[in-house]
Amino acid sequence: MSWVKKTLSSTIGRKLLVSLTGIFLIIFLVVHLIGNLQLFKDDGGYAFNAYAKFMTTNTLIVLASYVLYLTIIAHVVISAALTLFNRKARGGENYMVTKSSSNSPWTSRNMGVLGTIVLIFIVIHLSNFWYHMKFGETPMVKYEKTMSGDIAIAQNFAVESFSKDLLKQDMVYKDLYKMVAEAFKQEWLVILYILAMAGLAFHLAHGFQSAFQTLGINHKKYTPFIEKLGLAFSVIVPALFASMPIIFYFKG
Amino acid sequence: MKIDAKIPSGSIAEKWSKHKFNLKLVNPANKRKYDIIVVGTGLAGASAAASLGELGYNVKAFCYQDSPRRAHSIAAQGGINAAKNYMNDGDSVYRLFYDTVKGGDYRAREANVYRLAEVSNNIIDQCVAQGVPFAREYGGLLSNRSFGGAQVSRTFYARGQTGQQLLLGAYSALSRMIAAGKVKMYPRTEMLDVVLVDGKARGIITRNMVTGAIESHSAHAVVLATGGYGNVFFLSTNAMGCNASAAWRAHRKGALFSNPCFTQIHPTCIPVHGDQQSKLTLMSESLRNDGRVWVPRTTELAEKVRKGVLKANDLPEEDRDYYLERIYPSFGNLVPRDVASRNAKYVCDEGRGVGETGLAVYLDFRDAIKRDGVNTIKAKYGNLFQMYEKITDDDPYKVPMMIYPAVHYTMGGLWVDYNLMTTIPGLYAAGECNFSDHGANRLGASALMQGLADGYFVIPYTIGDYLAGIGQAKVDTSHNAFKEAEAEVKKRIDTLLNVKGTKTVDQYHKELGKLMWDYCGMARNAEGLKFAKAEIQKLRQEYWQNVKLLGTNEEMNMTLEKALRVADFMELGELMVDDALMREESCGGHFREEHQTEEGEAKRDDENFAFVAAWEYKGENKPAELHKEELVFENVKLTQRSYK
Amino acid sequence: MEKGRTYTLKIWRQNNSSSKGAFKTYTIENISPGSSFLEMLDILNNELEAKGEDPVHFDHDCREGICGMCSLFVNGRPHGPEEEITACQLHMRSFKDGETIVIEPWRAKAFPVIKDLVVDRSAFDRIIQAGGFISVNTGPLPDANEIPIPKQNADLAMDAAACIGCGACVAACKNASAMLFVSAKVSQLALLPQGNAERKRRALAMVDQMDQEGFGACSNTGACAAECPKGIDLTNIARLNREYLTASFAGAE
């Protein structure tokens, strides 16, 4: 067995992969959040739609997105396999009584459940927006520069009038902004998003600092900072994501 | 039988070097043709097994625990002595030697003790190289402290877990040899007999404690490193499984047993709390450096304290009797273990003891806390105080601790010559299970030193000399001697299982322990000893007719394990009483009330008793025969110990 | 003196490694709050023996919290409800009069039950045999003070070396992971200059053995450290990760 294979198939090696993919996904969350914050710009969705176009067409970004898909799959598959493996390590008989609450945080013991919630969300989320953005027919929008130099909507196109030729025109975009606004009028979807973000928050609350511990980074001076940063991250990032459906819902 | 200690000639400082040169060697290529059995994996056993494996011998090591790492050496707290003189306070090999002989009340063999002091320095080097995390100073060098009232700081320590760290060091060396295939380890295996072929030790009979299988193991030599026999007393600081069976079985097969009455009672244990107690817990002796020992001045006051009418802290200064400070003004609370223990017994016998049972004295840190502040005391004794609080539910920062003496260590053991060989050729005894180095009283931090000295630096040399002389031929376990020994062991087990009486093993053990503690404990007299002897004989007879065992041999059976051990304790107990009765003097841990000075101190009789008693087994229900090894003191001047 | 207390005990009984076990319920009376937990079991066993029933087998030896032999999972926690002690240091005053106490063996694939509450922890020994040592033979060695060791490192090494090998970490971990045990030994020897020569080999070999024994992977729940009777902490696991990964990626072996 080559040393690479041997290392990566050891328990520590497999945890290393979970940790590294996790950190990559944490970074992705930041990028994704910055992009999505464009939704809040008061420009008829221009910044957001332009960002969405850039993200789906730029070759480098497209390449990066393939890495992202692989990372998500790897994170899920390796973690799931490890969870099954760990369950077997308990042996045939389990305890009749356990008081795990007295020795470990709830999140740390339920990463599998939390991760599954996040995974289900990702599937729904992708089919809602990403699939349409990438392959489907969507409403379109044409922008123009006003006299004052601001950007304003010149013309809206309904889904029925979707045309790839039109898209090639300057200042014409797939109107993902509108799709988002429409989607978040549905109560059930808003609730689902909020729940999913809560799941993500708890997943991150343990996952963030755990990723560093797995990498062997645990230092008297820095670890308290990493832990605080992780906690802040796990609250702020999912909260901001969750704020989007909420705000759109109430904007109506 | 004539016993020869084989002490080399020459000056004390040259004996060991000269002897090592004179020992025959086994050719390196031939070592693999010899098998050696090591029983017990404490400091002495693990270090011996590892070192012999490293030399190239095939070693089989046995322990009754589930892992060699759990032997009771692990519980030693205080430290290990060595004559490094790192503190530049005038220590030397000679001084360590001198202190040890004197501390043993002149009942140890000079040559052995000198060798112990000599190799003490190698032990520290060895342990540091193995990764034992001894305490260090900020400069990165090793830290030493003074221990047990020694005048120099020669004790190396690893927090309060020195024994644990040294044992784990030896265990790691042993593990390395197991991995290398040089040592085969048999955990959860108890030795039940030693096998002699043509008068030489050639193997052992064991019981697999999981399956009950009785098995034979053959070898060219057998090393017993099976610890002490403190559990004869039922309550002691020994581990629950500590037993004397290996040594006792060897004794029955012809190995002489020496000074069995020399038992050490440790003064600072947590008192017995009731009749449900199974085990006594030691508090480090270092507590006596700052704690002051006292009892109420009068029996009336003590009575009130026992009933809870008065609290210890309510007693004003004039109602407290700091008896050690009063009787021994120069040593005070730091008198040697035997003196401190005996005085605690006296004040309790007078009715001035405290605690529920009246069998406890106070160890008070009030003044030390006043003097040094809580933080200093916490830094020094924090974990000990915590341990005490966990057990007793009392906070020693606020109320005085209660302590009482308990059986701790046995200086007696199998008689060995200078090579650590018993009177059975090829059978060696190392560590606490031999009698050799501590005389009538062991000094603090010396047990660890002796265990490792024997295992790392003595047996690996001396065993080669014997092996080189007996040839490589192996004895097969199909040999009659093995078959007979196996049959005998099985018969003993069957007999016990089939008594089907009414009293449990533990009940017998408790009765034996009480007899031993009451009549052969801290103070002994002829009348009591004679009474105890008769009672033990009765008890033993009853045991074989009325003990109740359950289950079978062919399974894990704790009761059976214990029953075999208690059967041997009963025989050994009687020999201890015989020895105590024979030794008409007081020395070290052996205090005969008939032999004391006017001030109540131990009175030695060097004229008549400067010898090692070595008892020979003569058969079931026959009195053992006494042999004497006269002790010759060429270097140490015999004086009466005085701590006034 | 406080009057004796009564308890209901639910204890796992299993004849041997191949038989099927089950819980059995016992009532025990007149227990002094000052009794240790194991003394309470002794009393139960004496009663069982008197009645002609097989006593409950459990591992124990030193009864002062250092040998690491005792291994009871009491009311859902290894070594019972109190912090930083072993089962043998646990006292009955920690349990209310009338309380039901559930006593189970350590549960892990790598620690098969031998009988009742007794499990086989030889996997730990094999992990140490794989590399938990410094390869020096007995003999003349450099003077103990030849290499100064910063006090801080010596203290950290001692913190890690305090491990008693009881297996509470494995028992507490939902993954039955042995990382805390392995990391304690790897840390102790990695922190000392004497252990440096074999540092990489040791980390690789011990982790390899740990995996072969069938322990689970660490998911950083921290249960092990929280339940460790000797307070071994999680920084050791981080150090083991570091030692192992450095040895794998930067080492030549």
Exercise. Please determine, by comparing only the residues of segment A:207-230 that are out of contact with any Leu (no Cβ under 9 Å at 6 or more places or on another chain) and more than 9 Å from chain C (Cβ to nearest Cβ), which one is surrounded by the fewest Cβ atoms within 10 Å (Cβ to Cβ).
Key: A:221
Practice problem: Test residue C:32 against the criterion of being farther than 18 Å from residue B:504 by Cβ and touching a helix residue (DSSP H, G or I) at 6+ places or on another chain (Cβ under 8 Å), and give yes or no. | Solution: yes
Practice problem: Restrict the check to segment B:126-135 and report whether at least one residue is within 14 Å of chain C (Cβ to nearest Cβ), touching a strand residue (DSSP E or B) at 6+ places or on another chain (Cβ under 7 Å) and not in a helix (DSSP H, G or I). | Solution: yes
Quiz prompt | Scope segment C:71-115; condition hydrophobic (A, V, I, L, M, F, W, C) and within 19 Å of residue C:22 (Cα to Cα); matching residues | solution = C:72, C:73, C:74, C:101, C:102, C:103, C:106, C:108, C:111, C:113, C:114
Practice problem: Please work out if residue C:132 is among the small types (Gly, Ala, Ser) and within 7 Å of chain B (Cβ to nearest Cβ). | Solution: yes
Practice problem: Please state which one of B:202, B:207 is in contact with an Asp or Glu (Cβ under 7 Å, 6 or more places away or on another chain) and charged (D, E, K, R). | Solution: B:207
Exercise. Please state which of the following conditions residue C:139 fails to meet, knowing it meets all the rest: (1) part of a loop (DSSP other than H, G, I, E, B); (2) more than 9 Å from every other protein chain (Cβ to nearest Cβ).
Key: (2)
Quiz item: Which pairs do you get when a residue that is in the same structural domain as residue B:573 (by TED's automatic domain parsing), found in segment B:536-562, comes within reach of a residue that is among the aromatic types (Phe, Trp, Tyr), reach meaning Cβ atoms under 6 angstrom, with the pair 6+ apart or on two chains?
Solution: B:543/B:508
Quiz prompt | Counted residues, segment C:66-84 - those being away from chain A (no Cβ under 13 Å) and over 11 Å from the mean Cα position of the chain (by Cα) | solution = 0
Quiz item: Going through segment B:199-216 one residue at a time, which ones are touching a helix residue (DSSP H, G or I) at 6+ places or on another chain (Cβ under 9 Å) and at positive phi?
Solution: B:203, B:212
Exercise. Tell me which residues, restricted to segment A:92-105, are more than 21 Å from residue C:24 (Cα to Cα), within 7 Å of chain C (Cβ to nearest Cβ) and in a loop (DSSP other than H, G, I, E, B).
Key: A:103, A:104
Quiz item: Is it the case that segment B:512-528 has a residue that's modelled with pLDDT under 95 and either hydrophobic (A, V, I, L, M, F, W, C) or within 30 Å of residue B:24 (Cα to Cα) (or both)?
Solution: yes
Quiz prompt | Single residue of segment C:77-93 satisfying the filter (of a type in the set (D, E, K, R) and not in a strand (DSSP E or B)) that is nearest to residue C:228 (Cα to Cα) | solution = C:84
Quiz item: Looking at segment B:525-561, which of its residues are under 18 Å from residue B:495 (Cα atoms), more than 10 Å from chain C (Cβ to nearest Cβ) and assigned to a helix (DSSP H, G or I)?
Solution: B:539, B:540, B:541, B:542, B:543, B:544, B:545, B:546, B:560, B:561
Practice problem: Among the strands (runs of 3 or more DSSP E) lying completely within segment B:139-240, list those that include at least 3 residues that are buried (at least 24 other Cβ atoms within 10 Å of the Cβ) and modelled with pLDDT of 95 or more. | Solution: B:189-197, B:200-208, B:221-224
Quiz item: What are the residue pairs meeting all of these: first residue in segment C:51-79, first residue touching a residue at least 60 places away in the same chain (Cβ under 8 Å), second residue hydroxyl-bearing (Ser, Thr, Tyr) and assigned to a loop (DSSP other than H, G, I, E, B), Cβ atoms under 6 Å, and 6 or more apart or on different chains?
Solution: C:59/C:71; C:65/C:86; C:70/C:86; C:79/C:86
Quiz item: Which one of the conditions (1) at the interface with another protein chain (Cβ under 10 Å from one of its Cβ atoms); (2) in contact with a strand residue (DSSP E or B) (Cβ under 8 Å, 6 or more places away or on another chain); (3) more than 23 Å from residue A:98 (Cβ to Cβ) does residue C:27 fail to meet, given that it meets all the rest?
Solution: (1)
Quiz item: Just one of A:126, A:176, A:114, A:119 is surrounded by 13 or more Cβ atoms within 10 Å (Cβ to Cβ), aliphatic (A, V, I, L, M) and out of contact with any helix residue (DSSP H, G or I) (no Cβ under 8 Å at 6 or more places or on another chain); which is it?
Solution: A:126
Practice problem: Report whether or not residue B:477 is part of a loop (DSSP other than H, G, I, E, B), surrounded by fewer than 24 Cβ atoms within 10 Å (Cβ to Cβ) and touching a residue at least 60 places away in the same chain (Cβ under 8 Å). | Solution: yes
Exercise. Restrict the check to segment C:94-101 and report whether at least one residue is surrounded by fewer than 24 Cβ atoms within 10 Å (Cβ to Cβ) and either assigned to a helix (DSSP H, G or I) or at the interface with chain B (Cβ under 9 Å from one of its Cβ atoms) (or both).
Key: yes
Quiz item: Of the conditions (1) assigned to a helix (DSSP H, G or I); (2) under 26 Å from residue B:512 (Cβ atoms); (3) within 14 Å of chain C (Cβ to nearest Cβ), residue B:249 fails just one. Which one is it?
Solution: (3)
Quiz prompt | Lone unmet requirement of (1) among the polar types (S, T, N, Q); (2) in contact (Cβ under 8 Å) with a residue 24 or more places away in the chain; (3) within 14 Å of chain B (Cβ to nearest Cβ) for residue C:177 | solution = (3)
Quiz item: In segment B:433-450, is there at least one residue being within 14 Å of chain C (Cβ to nearest Cβ), within 28 Å of residue B:158 (Cα to Cα) and not aliphatic (A, V, I, L, M)?
Solution: no
Quiz prompt | Residues satisfying the stated conditions in segment B:22-58, i.e. outside any loop (DSSP other than H, G, I, E, B), within 13 Å of chain C (Cβ to nearest Cβ) and more than 22 Å from residue B:120 (Cβ to Cβ) | solution = B:53
Quiz item: Based on what the data block shows, is residue B:210 more than 25 Å from residue C:113 (Cα to Cα), among the aliphatic types (A, V, I, L, M) and over 25 Å from the mean Cα position of the chain (by Cα)?
Solution: no
Quiz item: For segment C:94-107, does any single residue satisfy the condition of being of a type in the set (S, T, N, Q), farther than 18 Å from residue C:232 by Cβ and touching a strand residue (DSSP E or B) at 6+ places or on another chain (Cβ under 6 Å)?
Solution: yes
Quiz item: Looking at A:37, A:25, A:20, A:60, which one is assigned to a helix (DSSP H, G or I), more than 14 Å from every other protein chain (Cβ to nearest Cβ), more than 30 Å from residue A:247 (Cβ to Cβ) and hydrophobic (A, V, I, L, M, F, W, C)?
Solution: A:60
Practice problem: Name the one entry in B:466, B:508, B:519, B:543 that is buried (at least 17 other Cβ atoms within 10 Å of the Cβ), over 28 Å from residue B:280 (Cβ atoms) and of a type outside the set (D, E, K, R). | Solution: B:466
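The values are calculated or read from the model by the stated rules, or taken from the named source; none is laboratory data. Note that the structure is predicted; figures quoted are calculated from it, not measured. FYI the Cβ positions are ideal-geometry reconstructions off the backbone, even for glycines, and counts take in every protein chain you see.
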